[in-house]
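Structure incoming, see below.
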Amino acid sequence: KAGVTQTPRYLIKTRGQQVTLSCSPISGHRSVSWYQQTPGQGLQFLFEYFSETQRNKGNFPGRFSGRQFSNSRSEMNVSTLELGDSALYLCASSRSPGQGAGTQYFGPGTRLTVL
Amino acid sequence: AQKVTQAQTEISVVEKEDVTLDCVYETRDTTYYLFWYKQPPSGELVFLIRRNSFDEQNEISGRYSWNFQKSTSSFNFTITASQVVDSAVYFCALRNPNSGYALNFGKGTSLLVTP
C-alpha cells in the first residue's frame, strides 16, 4: 500500500507570496493532519481534517488555512509568506479519529524556504 | 495541559552499545495514547510504537523495547545493540482524544551511532 505523498517536496518563495501544499493520504484513510517543523519550535500541530471538515486547529494565524476534498486529499495554503514560515511541513493520515488511537502515518514533507 | 519532555537533546554511542531514550509526559486525562516516531535525515517521520494509557505492558520488537510506567509518567525507549542505521532523531508524542486529534510532540532526541 502506498504511503502518504506530499507535493512538492521543495519550494522556494519570497516574502508576501502565497503557497499551496498538497497531501494525498494512504488509501482508505480519511483523516489528514498537518504539522509544521522548525528548529526553534519543533513539531507543531496546524490543523486536522476529516470528511472535508476541519475538526481541530492549532495556534497559528489565519494566514494558514487548509481544506480537504471528497477523495480525502488535502491542501494547505499559506498567504502573505513571512521569513518565519520557512519550515518542513508534514502531512499525516489516519483511518479515522474514532478508531482506537488513530495512529498517524506521515509523508516525506514539503521543505518551504521563504526568502 | 499536555506536555512531553525529552530531556536528552543529543546522544552519541558506539555501534553495539545499548541506548535508552527518555520520555516524560504530563496530562490530566485518564485516557491517552503515547507514541514514538523516528525521523531519519530524509525527514519523514516513521511510526515506531503506540501505547494506550490503560495498557502498561512493556513491549519488545527486535532490538527495540519500550518501558511504559504510569507511576512515573514515563515512556522510555531502548535500542539494544545499536547500529549505524539507528542514527536519527526520535520523537515521543502524546495524544488525548478529548483534545482533538493532535499529536503533542517532545523536542526530540538526536541519536548518533558511530562505527
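As I understand it, the dipole of chain A uses +1 on the Cβ of Lys and Arg and -1 on the Cβ of Asp and Glu, about the Cα centre. Which of A:Gln36, A:Gly3, A:Thr20 lies farthest toward its positive end?
Toward the positive end, the furthest listed residue is A:Gly3.
Is the shape of segment A:66-115 best called rounded, prolate or oblate, per the rule: a/c under 1.5 gives rounded, else a/b larger than b/c gives prolate, else oblate, with a ≥ b ≥ c the square roots of the Cα gyration tensor eigenvalues?
prolate
Using R₀ = 25 Å, calculate the FRET efficiency as 1/(1 + (r/R₀)^6) where r is the Cβ-Cβ separation of B:Thr31 and B:Gln83; round to 0.05.
0.10
Here is a follow-up. Run the dipole for chain A about the Cα centre, Lys and Arg Cβ at +1, Asp and Glu Cβ at -1, nothing else charged, and hand back the magnitude in debye, nearest 20.
160 debye
What whole-number value in cubic angstrom gives the convex hull volume per residue for the C-alpha atoms of segment A:9-54?
Normalising the Cα hull of segment A:9-54 by residue number yields 118 Å³.
Could you tell me, in Å, what Rg and Dmax come out for the Cα atoms of the protein assembly as shown?
Using the Cα atoms of the protein assembly as shown, the pair Rg, Dmax is 17.6, 51 Å.
On to the next question. In nm, to one decimal, how far is the A:Leu83 label point from the A:Arg15 one, both placed 7 Å along Cα→Cβ?
0.6 nm
Please give the contour-minus-distance gain from B:Asn52 to B:Ser110: 0.36 nm per residue of separation, less the Cα-Cα distance, rounded to one decimal in nm.
18.4 nm
Using the Cβ atoms and a cut-off under 15 Å, what net charge is assigned to the surroundings of A:Gln44, where Lys and Arg are +1 and Asp and Glu are -1?
+3
How many Cβ atoms of partner chains, on average, are near each residue of A:41-49 if near means within 10 Å of its Cβ?
Across the residues of A:41-49, the mean count of other-chain Cβ atoms within 10 Å is 4.
Calculate the mean, over all residues of peptide B:26-37, of how many other protein chain Cβ atoms lie within 10 angstrom of the residue's Cβ.
1
Using 24 Å as the Cα-Cα cut-off, could you pick out the over-long pairs in A:Lys57/B:Lys107; B:Lys3/B:Lys38; B:Lys38/B:Lys107; B:Lys3/B:Lys70; B:Lys70/B:Lys107; A:Lys57/B:Lys3?
none
Given axes a ≥ b ≥ c from the Cα gyration tensor, I'd like to know whether segment B:33-115 is rounded (a/c under 1.5), prolate (a/b larger than b/c) or oblate.
Because a/c hits 1.5 or more and a/b fails to exceed b/c, segment B:33-115 counts as oblate.
I would also like to ask the following. I want the antiparallel fraction of DSSP beta bridges within the protein assembly as shown, as a percent rounded to 5.
Antiparallel: roughly 90 percent of the beta bridges in the protein assembly as shown.
Across the residues of B:100-109, average count of Cβ atoms on other protein chains within 10 Å?
What the average comes to for B:100-109 is 6.
log₁₀ I(q)/I(0) of segment A:1-102 at q = 0.13, 0.20 Å⁻¹, via Debye over equal Cα point scatterers, no solvent, to two decimals?
Here the Debye-derived log intensity ratios amount to -0.44, -1.02.
If the cut-off is 19 Å between C-alpha atoms, which aspartates and glutamates fall inside it for A:Lys13, apart from same-chain ones fewer than 8 positions away?
Here the aspartates and glutamates satisfying the reach criterion relative to A:Lys13 are A:Glu75, A:Glu82, A:Asp85.
Would you mind working out the magnitude of the charge dipole of the protein assembly as shown relative to its Cα centre, with +1 at each Lys and Arg C-beta and -1 at each Asp and Glu C-beta, to the nearest 20 Debye?
720 debye
Read the figures in this text as sums done on the coordinates, not as results from a lab. Only a predicted model underlies this, so the values are computations on that prediction, with no experimental measurement involved. Note: ideal-geometry Cβ built from the backbone for every residue, glycine included; neighbour counts use all protein chains shown.
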